[in-house]
Amino acid sequence: MNACDLAIIGAGPAGMAAATEAANAGLSVILLDEQPAPGGQIYRGIETVPEERRKLLGPDYGKGLSIAQAFRASNATYIPEATVWNINPDLSIDYSRNGGSSQISTRHLLIATGAVERPTPMPGWTLPGVTTAGALQILLKAHGGVGDDVVLVGSGPLLYLLAQQMIEAGGPPKAIIETIDRSHYLKAARHLPRALSALSYLRKGMAMMRQIRRAGVPHYTGARDIRIEGAQRAEAVCFSAHGRAHRIETTSVALHQGVVPNQQATRLLGCDHVWSESQRCFIPKLDAFFESSVENVFVAGDGAGIAGANSAEIRGRIVALRVAQKLGDDKGTQIRALQKKLSRDEAIRPFLETLYAPSDEVMVPHDDVLVCRCEEVTAGAIREAVDLGAPGPNQIKSFLRSGMGPCQGRMCGLAVSSIIAERRKENPQSIGYYRLRPPLKPLLLSELAQLEREPTRDEPL
Amino acid sequence: MAMASLQHRTADLLVIGGGIHGCSAALHAAMRGLQVIVFEKDTVARHASGVNAGGVRKLGRHVAEIPLSLHSMSIWRRIADLLDDDCGFQPSPQIKVAETAEELETLRGRVAELNSLGYTHEQILDRQTMRTYLPAVAQHCVGAIASLDDGFAQPYQTTFAFQRKAQQMGVRVLEHTPVERVSRSGEEWKVQAGAQEFTGRFVLNCAGAWGGEIARQIGDHAPVRAYAPMMIVTERLRPFCTAVVGAAGRPLSFKQMPNGTVVIGGGRPGVPEPANNRTHMQMSELRHSAQTAMDIFPVMRGAQIVRSWAGIEGLMPDGIPVIGPAAHAPGAFHAFGFSAHGFQLGPGVGDIMAELIATGSTQAPIKPFSIKRFPQDPTRAQKELS
Amino acid sequence: MFKRINAPKNGKVSFTFEGRSIDAAPGDTVASALMLAGETHFRDTPVSQSQRGPFCLMGVCFECLVEIDGVPNRQACMVAVREGMSVRRQKGAIGVEIE
Ligand SMILES: Cc1cc2nc3c(=O)[nH]c(=O)nc-3n(C[C@H](O)[C@H](O)[C@H](O)COP(=O)(O)OP(=O)(O)OC[C@H]3O[C@@H](n4cnc5c(N)ncnc54)[C@H](O)[C@@H]3O)c2cc1C
């Protein structure tokens, strides 16, 4: 099988920009993505969204269209609806599409699988009617749907952006319940001078807050002890704020505590990761060109550390140019220019990270809260196993089956590492994360059986 | 690891390896009154013992292993009393199905051979009887061989339970403490581990796939090599199979756990990297296990794989472990190289090793497992130990 | 309750959920169509039989698993609606039929 120069997983801003840049530099490029159309999560539905909806979603969203168009116009091969389920050490990639399995080979790999929302374990978070904030944004962006009594809970820029978009769409949230700890404001203020170089972000943020206020959306701050009530589905959110108890009835609760890198593919490949104290998550260890500790494996976009859509696009281009350079083209000047641009764009991050750091309640939930949604393992059960002597997430997994359900640990991994770290009074860095193994997504036994045989090293017994 | 005091660096028995064999031997030795330290370079049960298929089987054992397996089984049946933890042990039949008449004939031969040796735990199931045990088995299967009172258990839970019970009995388990050097000085053994030196009358090599290097330092030669059996586990399915199933004509180990997930293995290995504790899956090989599972259990066609994995195990060229005293050095013992079927043997072999070490002898027929079955070099042994 | 901000323009797609007929817009996923039709309960967990519905809508959480045209374990948020498809709740562990 012929190997391409660059294979990319993920068609968000990073993946699309890298594919376009690399193809334009003359590289052979294959981009695989699970969705039927390019855009990733941030530009979901960008090619098909009706114009009026695109307008109400704002210019930041609209920007995705030109990126998608440039990608379509490039020579990159695009394979949509492709679910990557394994990446081998030689960088060959197994994926399934329409019920069959195929394989491609590549000399360089860019993992541009973006971010996932930080799991937010809290009482009642598994009830139907409770979603992530991202889910409601997808419902709005891609499908034009909006709720009539949505309560937004948590913290982070996306929460306010979603509120603003819902207001524009004629379905304002019923309330915003904000979990930011008071102390964060003071701490974040220290990062303001640097953030000022990214003034446009600050302006946008302030405009967003004004619009929410004008729309009259009740806005609770300093919320804690949050609990979602309901017998078979969400019925109300209860919390306390500034010494008072509140209960707001609703059928739709949207949770958000920021986004974190999607680690599945980088963990599978055995890339080194580091715990980021400021982002409170694991980030793959990368060099200045976003190459990981595994040679020829790159990570761009939010998967390389959360920095938003503009940075994602720039990072994608840097990777493409770096690969071209590795293949013999001098791209040094262009790369340096992009690195400079990137550093300006990322200037806002320390401020945002400090202000919107996830609440402790979410990082280390109470004993009776379900942490692993699939296998229904509580925080208390995890602590008990730690007290017995189980040293890390992999032993907890063997012992309690957390992370062994269909989501394969995506929804509990960070929380499990954090809970163990807190219990053992260690840093999550030393606790580590689940060891990931194929398949990256659940795979039919019959799909594996049909896998075309690749010549392999023969290992006689 | 913190600096241990001199007193804490001395014991009767120094065990190298915190797998099921190291932990079981340590516990049984402690029960006989010995002071024991276990050295584990990673964490207890990090390797084969924590990630195996959990099969507790007498079925299909090498004839030499049968007495040890029977002894081990008697401990498994009271494992909860021994360890204060049920280890997820479930008694259940182990059944190996025949897909052709010829295969069934071969199985009949096996039963006849065992009967002639006085063993009666394996028996032939005709097609109909097999189907009462395995209602979901494929129509083409013609019969089976079975050991009806075998079972399975949870590997990590079991090894962890051995560790905890051993610790309660006073055994010191030092994790993240690789043994770098084993040597003999006078009447004692010295173990260099984690920048400290430990002293003991006896040393026991339970280092699994890494047992060859420890053996070398003791002055013995054992051609053990790392081997990485691969496994698949599915999502939860409604209960359809209560036995552990293999196939006579092709590699398979298949069982449905009480929680509904199906664990499939037994096929060709992945690629082990014992030097850095990694294994690589070979999906192009694992696909055969998927195919075999679907052939024997057509109901599996629509089942989803949630995870696959491999573990590092020590494989001997003749497929049976090294158990017993060192070839020449006094006070040194081996129990490693269990060749992908040593989980079931863990409780029993630990007991036998403790007896051997504490009393100097054992009734158990362990001769076939002697390290001396491999060519040894006594002059090299002298050199290693001086 | 969720509603569409604009009535779908280019036609509709009809399918059934637990036998109930649902009208969706082209471009809907099974999950978005069901949410917009007022459905929140997509499956019962195999562990405790508790009710679950879509959580992330981006293929990560596997909470929206349904049975589509007899095939279990489909992520409703990743499958586009098709005319005439039959969608059912996934109740607990996957059943196996012995031939
Ligand atoms: C995937 C798989 C499936 C299997 N299925 C079954 C089954 O169904 N039934 C069955 O009976 N058996 C099964 N086996 C085999 C069984 O798991 C092993 O035979 C058994 O666990 C071996 O135990 P052990 O203690 O010898 O080895 P291990 O568990 O490998 O323990 C050896 C330990 O020694 C440590 N060590 C090595 N060198 C040093 C050093 N220098 N210093 C300190 N520590 C050191 C290692 O880190 C390791 O933890 C399977 C094995 C695998 C991998």
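The values are calculated or read from the model by the stated rules, or taken from the named source; none is laboratory data. These figures come from a predicted structure and were not determined experimentally. Quick reminder, even Gly has a Cβ in these numbers, built from the backbone with ideal geometry, and neighbours come from all protein chains shown. Only protein heavy atoms, including side chains, enter the accessible area calculation; ligands, DNA and RNA are left aside. Shrake-Rupley method; radii C 1.70, N 1.55, O 1.52, S 1.80 Å.
Of A:Val416, C:Val96, which has the most accessible area and how do the rest follow, probe 1.4 Å? Mind dumping the intermediate values first?
Numbers: A:Val416 0, C:Val96 35 Å².
The most accessible residue leads, giving C:Val96, A:Val416.
Give the long-range amide H neighbours of A:Val116: residues separated by 5 or more places, or on another chain, with amide H under 5 Å away, using H modelled in the peptide plane at 1.01 Å from N.
A:Val260, A:Asn262
Quick one: Cα convex hull volume of the range A:19-67, Å³ per residue?
78
Among B:Asn276, B:Asn52, B:Asn115, which one moves the most in a GNM of chain B with springs linking Cα atoms closer than 10 Å?
Maximum fluctuation in the GNM of chain B, among the listed residues, is at B:Asn276.
Give me the inter-chain shielding for B:225-237: mean count of other chain Cβ atoms within 10 Å, whole number please. Intermediate values should be presented prior to the final figure.
Values: counts 0, 0, 2, 1, 0, 1, 1, 5, 2, 5, 12, 12, 6.
Per residue, the number of nearby Cβ atoms from other chains is 4 on average.
With no solvent and one point on each alpha carbon, what is the Debye value of log10 I(q)/I(0) for chain B at q = 0.11, 0.12, 0.13 Å⁻¹?
Taking Cα atoms of chain B as identical point scatterers yields -0.76, -0.89, -1.03.
Top to bottom by accessible area (1.4 Å), largest first, where do A:Arg182, A:Arg336, B:Arg287 land? Intermediate results must be reported in sequence, preceding the final value.
Numbers: A:Arg182 180, A:Arg336 150, B:Arg287 40 Å².
Heavy-atom accessible area, descending, gives A:Arg182, A:Arg336, B:Arg287.
Restricting the count to DSSP beta bridges whose residues both fall in chain B, what percent are antiparallel, rounded to a multiple of 5?
Numbers: 49 of 69 bridges.
If we restrict to bridges inside chain B, about 70 percent are antiparallel.
Determine the total buried accessible area between chain C and chain B, counting protein heavy atoms only with a 1.4 Å probe; round to the nearest 100 Å².
Interface between C and B: roughly 1100 Å².
For the protein assembly as shown, what is the charge dipole size about the Cα centre, in debye to the nearest 20, if Lys and Arg each add +1 at the Cβ and Asp and Glu each add -1 at the Cβ? Don't skip to the answer; put the middle values down first.
Details: 100 positive and 93 negative charges, 397 e Å.
In debye, rounded to 20, the protein assembly as shown gives about 1900.
Quick one: compute a quarter of the convex hull surface over the Cα atoms of the protein assembly as shown and quote it in nm². Provide the component values of the computation, followed by the final result.
On the way: hull surface 162.0 nm².
That works out to 40.5 nm².
Considering the dipole of the range A:334-392 built from charges on the beta carbon (Lys and Arg +1, Asp and Glu -1) around the Cα centre, which of A:Leu338, A:Ala385, A:Thr354 is farthest to its positive end?
In the range A:334-392, that residue is A:Leu338.
Per-residue mean of other chain beta-carbon atoms within 10 angstrom of the beta-carbon, peptide C:44-52?
Details: counts 0, 7, 12, 12, 3, 0, 6, 8, 7.
That average works out to 6.
What is the Cα convex hull volume of the range B:1-150 when expressed per residue in Å³? Numbers along the way, then the final one.
Values: hull volume 22.3 nm³, N = 150.
Taking only Cα atoms, the range B:1-150 has a hull volume of 149 Å³ per residue.
With every atom except the alpha carbons ignored, what do you get for Rg and Dmax of the range A:290-354, in angstroms?
12.4, 41
On the principal axes of its Cα set, how long, how wide and how thick is chain A? Give whole Å, largest value first.
65, 54, 42
Using mean Cβ contacts within 10 Å as the protection proxy, how do C:13-25, B:225-237 order, highest first? Let's see the in-between values first.
On the way: C:13-25: 16.0, B:225-237: 23.2.
In decreasing order of mean packing, C:13-25, B:225-237 become B:225-237, C:13-25.
I'd like the carbon and sulfur percentage of the solvent accessible area for the protein assembly as shown, probe radius 1.4 Å, heavy atoms only, ligands and nucleic acids excluded.
In the protein assembly as shown, the share of accessible area belonging to carbon and sulfur is 51 percent.
Leaving out ligands, DNA and RNA but keeping every protein chain, what accessible area does B:Met169 have, in Å² rounded to the nearest 10, with a 1.4 Å probe?
Spelled out: B:Met169, probe radius 1.4 Å, area about 80 Å².
Kyte-Doolittle mean at least -1.0 and Cα extent at least 18 Å along the axis: which DSSP H helices of chain A qualify? Numbers along the way, then the final one.
Numbers: long enough: A:199-214 (22 Å, -0.52); A:308-326 (27 Å, -0.06); A:332-345 (20 Å, -1.09).
What comes out of the filter, once short or polar helices are dropped, is A:199-214, A:308-326.
Just the number, please: percent antiparallel of the DSSP beta bridges in chain A, rounded to the nearest 5. Write down the numbers at each step before the final one.
Numbers: 30 of 61 bridges.
Roughly 50 percent of the DSSP beta bridges within chain A come out antiparallel.
Could you order the peptides C:60-70, B:174-184 from most to least packed, using the average number of other C-beta atoms within 10 Å per residue?
Numbers: C:60-70: 21.5, B:174-184: 18.0.
Ranking the peptides C:60-70, B:174-184 by packing returns C:60-70, B:174-184.
Please list the equivalent ellipsoid semi-axes of the range B:200-346, computed as the square roots of five times the alpha-carbon gyration tensor eigenvalues, in descending order and whole angstrom. Intermediate values should be presented prior to the final figure.
Details: eigenvalues 247, 46, 32 Å².
Semi-axes (√(5λ), whole Å): 35, 15, 13.
Mind grabbing the interface size between A and B? I mean buried accessible area, both sides, 1.4 Å probe, in Å² to the nearest hundred. Write out the running numbers ahead of the final one.
Details: alone 20910 and 16150 Å², together 33350 Å².
Using a 1.4 Å probe, the pair buries roughly 3700 Å².
How big is the dipole moment of chain B about its Cα centre under a simple scheme where the beta carbon of each Lys and Arg is +1, that of each Asp and Glu is -1, and everything else is neutral? Debye, nearest 20, please. Kindly include the intermediate steps, with their values, before the conclusion.
On the way: 37 positive and 34 negative charges, 59 e Å.
So the magnitude is around 280 debye.
In percent, what relative contact order does chain B have, based on Cα pairs under 8 Å that are 6 or more apart in sequence? Walk me through the intermediate numbers first.
On the way: 912 pairs, mean separation 91.8, N = 386.
Taking the mean separation of contacting Cα pairs over the length of chain B, I get 24 percent.
Relative to the compact globular guide of 2.2 N^0.38 Å, what is the alpha carbon radius of gyration of the range A:90-149, as a ratio? All intermediate terms of the calculation are to be shown ahead of the outcome.
On the way: Rg = 17.9 Å, N = 60, 2.2 N^0.38 = 10.4 Å.
The reported ratio for this selection is 1.72.
Diagonalise the Cα gyration tensor of chain C and give the resulting equivalent ellipsoid semi-axes, square root of 5 times each eigenvalue, largest first, whole Å.
Numbers: eigenvalues 113, 46, 24 Å².
Square roots of five times the eigenvalues give 24, 15, 11 Å.
Could you please report the charge total around A:Ile42, scoring K, R as +1 and D, E as -1 over all other residues with beta-carbon less than 12 angstrom from its beta-carbon?
Numbers: positive: A:Arg44, A:Lys63, A:Lys141; negative: A:Asp60, A:Asp302, A:Glu313.
Spelling it out: positives minus negatives among the neighbours equals 0.
What are the equivalent ellipsoid semi-axes of the range A:34-149, built from the alpha-carbon gyration tensor (square roots of five times its eigenvalues), in whole angstrom, biggest first?
Values: eigenvalues 169, 99, 30 Å².
Ellipsoid semi-axes (Å, largest first): 29, 22, 12.
Heavy-atom accessible area per residue, the protein assembly as shown, 1.4 Å probe: how many Å²? Could you put the intermediate results ahead of the total?
Values: 35320 Å² over 946 residues.
Heavy-atom SASA per residue in the protein assembly as shown reads 37 Å².
Counting only other chains, and only Cβ atoms inside 10 Å, what mean value do you get across the residues of B:289-295?
On the way: counts 3, 9, 6, 1, 3, 5, 1.
Mean partner shielding for this stretch: 4.
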